[in-house]
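The values are calculated or read from the model by the stated rules, or taken from the named source; none is laboratory data. As the structure is a computational prediction, the values presented were derived from the model and not from experiment. All Cβ positions, glycine included, derive from the backbone under ideal geometry; neighbour counts span all protein chains shown. Only protein heavy atoms, including side chains, enter the accessible area calculation; ligands, DNA and RNA are left aside. Shrake-Rupley method; radii C 1.70, N 1.55, O 1.52, S 1.80 Å.
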Protein chains: 2
Amino acid sequence: MLKQVLIGALCGSVVLTIGILIGHFGITKSGNSAPSWVKDVVKDVDEDLIQQFLSEVDNVKIQENLRELTKVPHMATTAGDEHTVQLMLKRWQDPDSGLDQAWREEYMVYLSFPDPNKPNKVSVVNPSGSVLHTAREKEKPYTSDQEDPEVVQPYAAYSPAGEPKGKLVYANQGKPSDYHHLNQTMDLRGTIAITRYGGAGRGAKAINAAPYGIIGVLVYTDPLDINDGLMSDVNETYPHSWYLPPSGVERGSFGSQFGDKLTPYLAAKGDTYRIPEESIPGLPPIPIQPIGFKDAYTLICELGGDAAPQDWQGGFNCTYNFGAPGFKPTSVFNDSDVKLDIFNHGKIVNSSNVMGVIRGSVEPDRYVIYGNHRDSWVHGAIDPSSGTSVMLEITRVLGGMVKRGKWRPRRSIIFGSWGAEEFGLIGSTEYAEEYLTKLSERTAAYINVDIAVFANATLRASGMPSVQNVIFKASKQVSAPGLDSTSVYENWIRYFNRTSPTHGLIPSVGYLTGAGSDYAAFVHYLGIASMDISYTYDRSKTNARIYPAYHTAYDTFHYASKFIDPGFVGHQAVARTAGNVLIRLADSLVLPLNCSDYAESLEEYLNTAVSLYQEQLQAKNISMEPLKRAVSSFGKAAEHLDQVIHSSDLANETPLKVRKINDQLMLVDRAFLNPLAFPDKYGYRHVIWAASSAGKPTFPGLADAFAKAESSGLSGDWDKVHYHLSVLSQAIDAAASILADVI
Amino acid sequence: MLKQVLIGALCGSVVLTIGILIGHFGITKSGNSAPSWVKDVVKDVDEDLIQQFLSEVDNVKIQENLRELTKVPHMATTAGDEHTVQLMLKRWQDPDSGLDQAWREEYMVYLSFPDPNKPNKVSVVNPSGSVLHTAREKEKPYTSDQEDPEVVQPYAAYSPAGEPKGKLVYANQGKPSDYHHLNQTMDLRGTIAITRYGGAGRGAKAINAAPYGIIGVLVYTDPLDINDGLMSDVNETYPHSWYLPPSGVERGSFGSQFGDKLTPYLAAKGDTYRIPEESIPGLPPIPIQPIGFKDAYTLICELGGDAAPQDWQGGFNCTYNFGAPGFKPTSVFNDSDVKLDIFNHGKIVNSSNVMGVIRGSVEPDRYVIYGNHRDSWVHGAIDPSSGTSVMLEITRVLGGMVKRGKWRPRRSIIFGSWGAEEFGLIGSTEYAEEYLTKLSERTAAYINVDIAVFANATLRASGMPSVQNVIFKASKQVSAPGLDSTSVYENWIRYFNRTSPTHGLIPSVGYLTGAGSDYAAFVHYLGIASMDISYTYDRSKTNARIYPAYHTAYDTFHYASKFIDPGFVGHQAVARTAGNVLIRLADSLVLPLNCSDYAESLEEYLNTAVSLYQEQLQAKNISMEPLKRAVSSFGKAAEHLDQVIHSSDLANETPLKVRKINDQLMLVDRAFLNPLAFPDKYGYRHVIWAASSAGKPTFPGLADAFAKAESSGLSGDWDKVHYHLSVLSQAIDAAASILADVI
């Protein structure tokens, strides 16, 4: 009986257990089971997926991308440019490794070209009209690349046409101080100035010259500035090394504002109102033309007059004289003029951006944008095709994951292959102007990788302080090229570092104050957290201003693969780092934008400003207290938000709470925008990161306004300092209120 | 055995069933049960709660609010104003019916006051210096209210001080055309002009006068314009009716821009940079002073010269002559001058907004703002205290629900009791300037109820077209005062209606193109969907410009309760309607902002623009096609978004999908903002709703630019038309892209 009872009990238990199991697992609870989307909305970044991404990024594929991109010159709006448009579209529409969608967006933009039928000329002409010397029309070929008929003659885009003729003078870098100095030694009216690259913007060399009556400007790259002094193409310069051959000429845009010149602050559509060409601000008022240093040598070493100051001397084995004006009496060029025949002309042409997207799964209305320009001056292997090769490899790997159903990012990713950057960041700026509100409302971050590899020594990054941390995190997971047991981060910190009050020794990340690449519109016009990432030089090994083939006909696949990044491991490291940053921005539950790091930078700027300006401002009855209070509010709000993030179990919170925090992190930069911040440069609205001519590591508008008031002493200028201080303080206060509790 | 088997099976079944029940109901499923927040995030507006709200809104409480608010005059920054600050704070901090939080925010603002020790004077002075007549200094008392020493003397705020003396002329409404006409009949230099209210802005009457050499201006309210012709206080005007007594004077701000005058586009904090007083734009350049119609009668009926045109004649029983200039030879005032002694002075004073919030439960970072100003000119029973009484009743009912734990809105509600509106919408504008980015990023809508009840005949509403629908919905649920079986909506449609292509006959909702109340900064500067709601006149019964006691010492509790809204049922209807709108905006799962109604308005504007301008624009080679395409894109995008909303089961979707749609609806208006849209009026950035002087029911910037170009014929002006067309088309395109699929 006992046995039967026991068996019965046992059977009963078994049956009960079976029942419990059926009841628990076999029947769906109605009305209380989690909707299927709950799991998705709380998903965070997947570290395995990142490892997968890193392992798939292939240096050989990047190399092949570069080879294909650089087959022919692809200056903006040329047939070669269209070839790259087609290539991008083909890749991004590939059924196995493409994006969800890709398309082109077109703008009618104002570019400037030389006349292929009437090349620009620079010559030395004696009083009887005989031409004693003519500068090379095109660069000397060392490979077949330079012989491509599509290689554009070196020229200064947006230089006016004209045929000025006059005595030559040497004006160093064409800075205002250079012309001022030169003008004290002679009458510059009617002269032609020869200047070297560096020190002042390209167009500025002509803009600064014109007030002195100078009628034309030449510009060249001095071997001291680009070649560590080396000059000979017999054994020193390319193709023997990365150095610039004597006939190499840096092309470039000589305009100073970004975006299409005829449609400022509007998208350059066909019917858009265009300002008259003569109203374009910031263009060279007199003809200017770049030449190679071989021709510059011929001219400069024959100049008469007194010797120029020591810091005007370059790499030539002769004394750089001012010019009398003109050449030495002992020169064959004695009494001769230099004549420029410039036939550049403006043209409204159709330029394309190629856009591609991966649609976000959870927050499709949040964008992470990754971009680079597509157009080059010639073959543009480094500028910009190194970046484009990297972008294509990132999209191949990510696109493949999407196509195989392995992955879809939380947020949408937009890839932009911008057109006409070389003419003034035009494609990216028109895009920003066209979609200003949408981008401003939805974009979490912009990643720019233009020249991916200047050199293969170390990572370099610039950006808003809030993006520093995600770049650190990503770079720690990538091996430094050629240094298997060292991370990109560990290598980086050796080359660039600083001591942060919060983090101790860390790599130093630069600020995006200027307009050097396509981040400009995103930073200055839209106030979007942006960054620019590349591999760069070991500065102990070279003083070159930039990689020597920059904007010349030598910036080719051969040059890149032989001298800049053999094996393409630098490219690979950049693709891995930038791609990792991209995935983290797109997939993290909480956006990896660190507002406390922003606060640290504002505090540093404040300390500098106080030590530089406070005493004099007090004397003018202008208080810095509102600025101090604002920076302090920002710091406290950032600290508090950090605490909220770290003390919350966000994976179990309502997705709208996470979204609220993400919106605070994403949108805080918008509060720094004020279209009235810089009255003279409307394209710059971000009060913290504008370009400054005062050259102080502090708030740019304050620094510039202060410098102006200090120099003029006018009370109206001190009022402008006070006004800007109010704009600045209120912008920082407003940013603090974005980070503070929302209600 | 069979029995035993049966019993065993039965027992087994029972045990199994028990097990299943335990397993299903007794054990929580780990990892698969719905988080507690799932229910909250999909909750929609609760109709029972709305009925509860409607039933709790109490007309007697509104009446008592008004009585308390109007005990003493409460002009901005006076002791009476501070009394109302304390009242608002006390109510909003009440433990049983207050809000979550309430506080004051202070701004140092530039106001203009008369000198209590040296009252402004208007007199008739004969050639020997004898004063033949002096206008009343203050209004005649009929109740003790008018005897309060705090009643400010009638004056024109922001009129300069000065003591001009000259011959009087009658200039009708002081429009440019009026002075132009008058100037053709005589030399106006050195004269004083008397004008009647209406036709031109207050300050414009002086601004328009100055170019003709006129040195002072008087302004009064003509009985024809305000009293349906009635004049006698023996039996016709207040206290016998709502009509203005003969000594009643409309005070007002005579400045033309909104916000603090010394800190344009910056919050007026203590340390904020202030422009010099003499740089304030838009102020009267010559002294101006308002007087009662009794004094105006004395002056006008004595004027000499020719009879003014028929449409210049007002309600006096005499002919309105131009003035010779000066009085008739037969007048006792013959040869006399009119002298103004104006002692107004500017003063920087501390003005407070009182802010109160109810924190949102699900989306605290989405705001619905409800506001009204608190300051009056005198007792301000109607303007603004009718609105404040309504606001206090809404907050009492909602606050009580919150305090009793019955309700918490999905989104945060912010209540603003603005300061210094009467001096140029200052409190609300400073608030908008201080929190521009935050408000722009987070505010779903702004509801303005200033004068709640002009009269008790019908609802009147103005706003962005997108808010029309929620006002309709709310007003259908409220009984019209005095008409129990008629809804506010049904009553409204009798007074104001139009035929919509989509909806058929509906009440017509006005547009907020001007800056008549505190919605201005929200509409024009921030581009937030806004509305203004009130009860108003039966126009078949009166032609009064506005309720006759407007801005006078007769706008008292007695006046309001006896003549405007006896029983306060109009107030109650407004509280119910506006409160219902507020709850719907705060609680609806999908924001009740209808983008298709916006599209309909844009299409109407477009049709008008095409019929008015296309032919002439084509002749100037300016295409309207981009505008047509943009409006069409907007319409298609709106239709598509509507379809997405209606075809989705949003209550079962991820809350981030709902949020995405809500952000599209909320942020679409931001795309219409462009600080470059109206170069002369930076405070106006919304390309669709700015004030226009051309007076056409179409895009205001286009209408004004066209009118200017048509009149000047200058090609530069036609360029500006083209430019504005580009700005406008691109703004509409950008708005369309906000509504279109996000990626």
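Across segment A:719-739, what is the number of residues that are among the β-branched types (Val, Ile, Thr) and more than 8 Å from every other protein chain (Cβ to nearest Cβ)?
2
Given (1) of a type in the set (D, E, K, R); (2) within 28 Å of A:Val470 (Cβ to Cβ); (3) within 14 Å of another protein chain (Cβ to nearest Cβ), identify the lone condition not met by A:Asp642.
The number of the failed condition is (3).
Confirm whether A:Glu105 is in contact with a Ser or Thr (Cβ under 9 Å, 6 or more places away or on another chain), open to solvent by 40 Å² or more (accessible area, probe 1.4 Å) and more than 30 Å from B:Ser33 (Cβ to Cβ).
So A:Glu105 does not fit the description; no.
Condition (residue is open to solvent by less than 60 Å² (accessible area, probe 1.4 Å), under 27 Å from the mean Cα position of the chain (by Cα), in contact (Cβ under 8 Å) with a residue 24 or more places away in the chain and more than 30 Å from A:Val397 (Cβ to Cβ)) applied to segment A:113-128: is it met by at least one residue? Talk me through it step by step, then tell me what you get.
From segment A:113-128, those open to solvent by less than 60 Å² (accessible area, probe 1.4 Å) are A:113-115, A:119-120, A:122-126; that's our starting set.
With the extra rule that they be under 27 Å from the mean Cα position of the chain (by Cα), the set shrinks to A:113-114.
Okay, now just the ones that are also in contact (Cβ under 8 Å) with a residue 24 or more places away in the chain, so A:113-114.
Subsequent filtering for residues that are more than 30 Å from A:Val397 (Cβ to Cβ) retains A:113-114.
Yes; the residues of segment A:113-128 include at least one that is open to solvent by less than 60 Å² (accessible area, probe 1.4 Å), under 27 Å from the mean Cα position of the chain (by Cα), in contact (Cβ under 8 Å) with a residue 24 or more places away in the chain and more than 30 Å from A:Val397 (Cβ to Cβ).
Can you name the helices (runs of 4 or more DSSP H) wholly within segment A:582-685 that have at least 2 residues being closer than 20 Å to B:Thr272 by Cβ and of a type outside the set (Gly, Ala, Ser)?
Helices (runs of 4 or more DSSP H) meeting the threshold: A:595-619, A:625-647.
Under 7 Å by Cβ, and 6 or more places apart or on different chains, what pairs join a residue from segment A:173-191 that is modelled with pLDDT under 95 with one that is of a type in the set (Lys, Arg) and open to solvent by less than 80 Å² (accessible area, probe 1.4 Å)?
none
One residue is enough: does segment A:324-347 have a residue meeting the conditions in a helix (DSSP H, G or I) and closer than 16 Å to A:Asp178 by Cα? Give the derivation first.
So in segment A:324-347, the residues in a helix (DSSP H, G or I) come out as none.
Taking every residue of segment A:324-347 in turn, none turns out to be in a helix (DSSP H, G or I) and closer than 16 Å to A:Asp178 by Cα.
Across segment A:688-718, what is the total count of residues that are more than 12 Å from chain B (Cβ to nearest Cβ) and either closer than 25 Å to A:Gly463 by Cα or of a type in the set (S, T, N, Q) (or both)?
Qualifying residue count, segment A:688-718: 19.
Every residue, every condition in (1) more than 15 Å from B:Ala157 (Cβ to Cβ); (2) in contact (Cβ under 8 Å) with a residue 12 or more places away in the chain; (3) within 11 Å of chain A (Cβ to nearest Cβ); (4) touching an Asp or Glu at 6+ places or on another chain (Cβ under 9 Å), yes or no:
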position: B:Arg251; (1), (2), (3), (4): no, yes, no, yes
position: B:Phe254; (1), (2), (3), (4): no, yes, no, no
position: B:Gln257; (1), (2), (3), (4): no, yes, no, no
position: B:Lys261; (1), (2), (3), (4): no, yes, no, yes
position: B:Leu266; (1), (2), (3), (4): yes, yes, yes, yes
position: B:Asp271; (1), (2), (3), (4): yes, no, yes, yes
position: B:Pro276; (1), (2), (3), (4): yes, no, yes, yes
position: B:Gly282; (1), (2), (3), (4): no, yes, no, no
position: B:Ile291; (1), (2), (3), (4): yes, yes, no, no
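Criterion first (surrounded by 24 or more Cβ atoms within 10 Å (Cβ to Cβ) and in contact with a helix residue (DSSP H, G or I) (Cβ under 6 Å, 6 or more places away or on another chain)) does A:Val574 satisfy it?
When the stated conditions are applied, A:Val574 passes them.
Yes or no: segment B:672-681 includes at least one residue that is modelled with pLDDT of 95 or more, in contact with a helix residue (DSSP H, G or I) (Cβ under 7 Å, 6 or more places away or on another chain) and facing chain A (nearest Cβ under 9 Å).
For segment B:672-681, residues modelled with pLDDT of 95 or more, in contact with a helix residue (DSSP H, G or I) (Cβ under 7 Å, 6 or more places away or on another chain) and facing chain A (nearest Cβ under 9 Å): present.
If you go through segment B:456-493, how many residues are open to solvent by 60 Å² or more (accessible area, probe 1.4 Å) and either under 16 Å from B:Asn594 (Cβ atoms) or assigned to a strand (DSSP E or B) (or both)?
Here the count works out to 7.
Which of the following residues is in contact with a Pro (Cβ under 9 Å, 6 or more places away or on another chain), within 12 Å of another protein chain (Cβ to nearest Cβ) and open to solvent by less than 20 Å² (accessible area, probe 1.4 Å): B:Val658, B:Val668, B:Val742?
Details: B:Val658 fails: in contact with a Pro (Cβ under 9 Å, 6 or more places away or on another chain); B:Val668 fails: in contact with a Pro (Cβ under 9 Å, 6 or more places away or on another chain).
When all the criteria are applied, what remains is B:Val742.
Within segment B:137-159, restricting attention to residues that are out of contact with any Asp or Glu (no Cβ under 6 Å at 6 or more places or on another chain) and open to solvent by 40 Å² or more (accessible area, probe 1.4 Å), which residue is farthest from B:Phe557 (Cα to Cα)?
Once the filter is applied, the top-ranked residue is B:Glu137.
Looking only at segment B:322-334, how many residues end up being within 11 Å of B:Val169 (Cβ to Cβ) and open to solvent by less than 20 Å² (accessible area, probe 1.4 Å)? Steps first, please.
At the first step, the residues of segment B:322-334 found to be within 11 Å of B:Val169 (Cβ to Cβ) are B:322-327.
Okay, now just the ones that are also open to solvent by less than 20 Å² (accessible area, probe 1.4 Å), so B:322-323, B:326-327.
Number satisfying all stated conditions: 4.
Quick check on this structure: which one of A:Leu676, A:Leu591, A:Leu641 is touching a strand residue (DSSP E or B) at 6+ places or on another chain (Cβ under 9 Å) and either surrounded by fewer than 22 Cβ atoms within 10 Å (Cβ to Cβ) or of a type in the set (A, V, I, L, M) (or both)?
A:Leu591
Taking B:Asp555 as the residue in question, decide whether it is in contact with a helix residue (DSSP H, G or I) (Cβ under 6 Å, 6 or more places away or on another chain) and either open to solvent by 10 Å² or more (accessible area, probe 1.4 Å) or basic (Lys, Arg) (or both).
No.
What residue, of B:Asp48, B:Asp44, is more than 14 Å from chain A (Cβ to nearest Cβ), modelled with pLDDT of 95 or more, open to solvent by 40 Å² or more (accessible area, probe 1.4 Å) and not in a helix (DSSP H, G or I)? Outline the logic, then answer.
Numbers: B:Asp48 fails: not in a helix (DSSP H, G or I).
Answer to the check: B:Asp44.
What number of residues within segment B:72-118 are of a type in the set (D, E, K, R) and closer than 28 Å to B:Ile288 by Cβ?
3
Can you pull out every residue in segment A:62-71 that is surrounded by fewer than 23 Cβ atoms within 10 Å (Cβ to Cβ) and within 15 Å of A:Lys90 (Cβ to Cβ)?
Correct list: A:Glu64, A:Glu68, A:Lys71.
Being β-branched (Val, Ile, Thr), at pLDDT 95 or above and either closer than 23 Å to A:Thr191 by Cβ or surrounded by 20 or more Cβ atoms within 10 Å (Cβ to Cβ) (or both) narrows it down to one of A:Ile275, A:Ile291, so name that one.
Just one listed residue meets the conditions, A:Ile291.
Which strands (runs of 3 or more DSSP E) sit wholly inside segment B:494-559 and have at least 3 residues that are among the polar types (S, T, N, Q) and at pLDDT 95 or above?
Fully inside segment B:494-559 and qualifying: B:530-536.
Can you find a residue in segment B:587-605 that is in contact with a Ser or Thr (Cβ under 9 Å, 6 or more places away or on another chain) and within 12 Å of another protein chain (Cβ to nearest Cβ)?
no
Do we have B:Met391 as in a helix (DSSP H, G or I), surrounded by fewer than 23 Cβ atoms within 10 Å (Cβ to Cβ) and on the phi < 0 side of the Ramachandran plot here?
On the way: in a helix (DSSP H, G or I): yes; surrounded by fewer than 23 Cβ atoms within 10 Å (Cβ to Cβ): no; on the phi < 0 side of the Ramachandran plot: yes.
For B:Met391, the condition - in a helix (DSSP H, G or I), surrounded by fewer than 23 Cβ atoms within 10 Å (Cβ to Cβ) and on the phi < 0 side of the Ramachandran plot - is not met.
Rundown of residues vs (1) of a type in the set (Gly, Ala, Ser); (2) buried (at least 24 other Cβ atoms within 10 Å of the Cβ); (3) within 24 Å of the chain's Cα centre (by Cα), yes/no style:
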{"residue": "B:Gly201", "(1), (2), (3)": "yes, no, yes"}
{"residue": "B:Ala204", "(1), (2), (3)": "yes, no, yes"}
{"residue": "B:Ala210", "(1), (2), (3)": "yes, no, no"}
{"residue": "B:Gly213", "(1), (2), (3)": "yes, no, no"}
{"residue": "B:Val217", "(1), (2), (3)": "no, yes, no"}
{"residue": "B:Ser232", "(1), (2), (3)": "yes, no, no"}
{"residue": "B:Trp242", "(1), (2), (3)": "no, no, yes"}
{"residue": "B:Pro245", "(1), (2), (3)": "no, yes, no"}
{"residue": "B:Arg251", "(1), (2), (3)": "no, no, yes"}
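Could you tell me whether any residue of segment A:295-305 is touching a residue at least 12 places away in the same chain (Cβ under 8 Å), under 26 Å from A:Asp260 (Cβ atoms) and open to solvent by 10 Å² or more (accessible area, probe 1.4 Å)?
No; the residues of segment A:295-305 include none that is touching a residue at least 12 places away in the same chain (Cβ under 8 Å), under 26 Å from A:Asp260 (Cβ atoms) and open to solvent by 10 Å² or more (accessible area, probe 1.4 Å).
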